[in-house]
Amino acid sequence: MEDARDFINVLNNLNKQLEGVQKKLNDLLAAKRVNFPRFFFLSNEDLLEIIGQAKNPAAINKHIKKIFEGINKIDTEPVQQAKGQKEHVITHVEAEDGERFPVQELS
């Protein structure tokens, strides 16, 4: 009987920890949505996938239709930045009908 109570206590403790992690995760996702309101159109799972693939901007193409109406795909190119870091820049946007538009850098 003692083992059963210990097991229940362990499960209750793990459940409290899980609730804490879920709250922090929801807070993080809410902050991302406030910074970029178009993220409100995504489920938590989709937003987590985008955040998790931050170094692979092509991964956003899977979700781009949910974020921007009429856009089917974006193309990016890596650009070398200071200190050897790479930044991806959007080069083209493809519409749902297949038409491609070059994206020009704002100066």
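Readers should treat all values here as calculations from the given coordinates under stated rules, not as data from a laboratory. Keep in mind it's a predicted model, so treat the numbers as computed, not measured. When we count neighbours, we look across all protein chains shown, and the Cβ atoms used for this are built from the backbone with ideal geometry, even at glycine.
Averaged over all directions, how much area does the convex hull of the C-alpha atoms of the stretch 1-58 cover when projected, in nm²?
Directional mean of the projected Cα hull area for the stretch 1-58 stands at 5.3 nm².
For the chain, treating each Cα as an identical point scatterer without solvent, what Debye log10 I(q)/I(0) comes out at q = 0.10, 0.24 1/Å?
After summing over all Cα pairs, the log10 values are -0.47, -1.29.
Show the residues, 5+ positions off or on another chain, whose built amide H is closer than 5 Å to the amide H of residue 88.
79
Say each of residue 77 and residue 27 gets a label point 7 Å from the Cα, pointing the same way as Cα to Cβ; how far apart are those two points in nm?
4.2 nm
Tell me which residues come under 5 Å, amide H to amide H, from residue 76 once H is placed; ignore anything under 5 positions away on its chain.
Excluding prolines and chain starts, which carry no amide H, the hits are 91.
Mind ranking 64-72, 18-26 by how tightly packed they are, going by the mean number of other C-beta atoms within 10 angstrom, highest first?
64-72, 18-26
Just to check I understand the Karplus step: with θ = phi - 60° and J = 6.51 cos²θ - 1.76 cosθ + 1.60, what whole-Hz values come out for the stretch 72-79, glycine and proline as x?
Listing the rounded values in order: 9, 6, 10, 10, 10, 9, x, 10 Hz.
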